[in-house]
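These notes are about the structure you will find just below.
The values are calculated or read from the model by the stated rules, or taken from the named source; none is laboratory data. For clarity, every value in this text was computed on a predicted model and none was experimentally measured. Cβ coordinates were reconstructed from backbone atoms using ideal geometry, including for glycine residues, and neighbour counts include every protein chain displayed.
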Amino acid sequence: MKYGIIGLFVILLATACGEALMDYEINISTPVVEAYLQEGSNQLNVKVYSMEVYLKDEYDLSDPISGLKLKINDRELTETASGTYSLFLGSDTIRGLQNYDLQFDYQGKTVSASTSVPQAVTHLSIEPTSITRTSSYYFWDTADTTEIKLTWDDPDHSYYQVYIESPATSDMPSMGGGMQFRRRMMQPFQGSSYATTSREFMSVGAYSIYVYRVNKEYVDLYERMSSSDLSNPASAVQNAFGIFTAMSVAGVRFYVYESEDE
């Protein structure tokens with residue numbers, strides 16, 4: 001099964017950083033790096049782009065940075081798109097507990113970062129595995145508070161993030177005719193379980209629920225992005241802003257059936 005990689009919008013960090021620090025405190029030529037290495041994948045991707053910064057009366061848009069020579073574990077990446085660098089591993093994959101080191105030169109400075117791939121979540125389960133609702137069930141109905149609980153092994157007090165993907169075709173009514181969200185990403189936390197209620201699952205169909213094991217550098221950036229104080233942005237990259245991190249993921253399915261009973 002293929003899983004989608006979670007991405008933080010690191011460009012927002014760069015934007016907010018520029019607004020908070022202003023031009024006398026920040027070098028806007030500092031690059032922004034964004035890379036999420038996922039256990040089990042046979043490809044590594046790194047994005048490098050300039051900062052998007054508001055300085056006084058001028059607004060500088062972010063642009064991809066091309067022409068770099070990036071290496072991960074001394075293997076050179078190929079620029080597959082403007083500012084996007086990739087390394088195909090062939091029959092090999094990104095492996096749990098393996099270390100990865102990124103390095104490249106930019107404007108006379110060496111940009112570097114390191115991360116270690118966490119082991120995938122084990123013994124992931126959900127209880128119950130399905131629920132049945134009537135055709136008259138809507139999100140404003142507060143009567144049904146059935147608990148839906150995910151559990152897994154947590155031998156080393158790691159950080160986790162739960163990601164819920166709704167069915168492709170949603171029958172969920174939206175308030176005021178607004179957008180219906182198919183993907184929901186929860187805040188990272190430590191623990192061996194996650195509980196919600198049946199009201200989280202308003203659409204009939206099969207849900208994909210993923211539990212990511214993430215590293216501390218990811219959590220630091222996520223928390224900083226959620227904070228109103230961005231004057232000292234977290235960065236997992238030396239001589240750059242952004243994130244170079246690894247994660248692993250396990251998934252389960254959850255089903256919502258609809259009965260004809262009112």
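Please tell me if Thr169 is within 19 Å of Tyr255 (Cβ to Cβ) and modelled with pLDDT of 65 or more.
No.
With the requirement that a residue be part of a loop (DSSP other than H, G, I, E, B) and over 24 Å from Leu44 (Cα atoms), what does the stretch 113-128 give you?
His123, Leu124, Pro128
Across the stretch 228-262, which residue is surrounded by the most Cβ atoms within 10 Å (Cβ to Cβ) among those that are within 30 Å of Leu70 (Cβ to Cβ) and modelled with pLDDT under 80?
Ser235
Do you know which residues across the stretch 198-227 are basic (Lys, Arg) and at pLDDT 90 or above?
If the condition is that a residue be basic (Lys, Arg) and at pLDDT 90 or above, then Arg213, Lys216 are the ones that fit.
Residue by residue, here is whether (1) at pLDDT below 75; (2) within 30 Å of Phe241 (Cα to Cα) holds:
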residue: Asp105; (1), (2): no, yes
residue: Gln119; (1), (2): no, yes
residue: Phe139; (1), (2): yes, no
residue: Tyr160; (1), (2): no, yes
residue: Gln187; (1), (2): no, yes
residue: Ala195; (1), (2): no, no
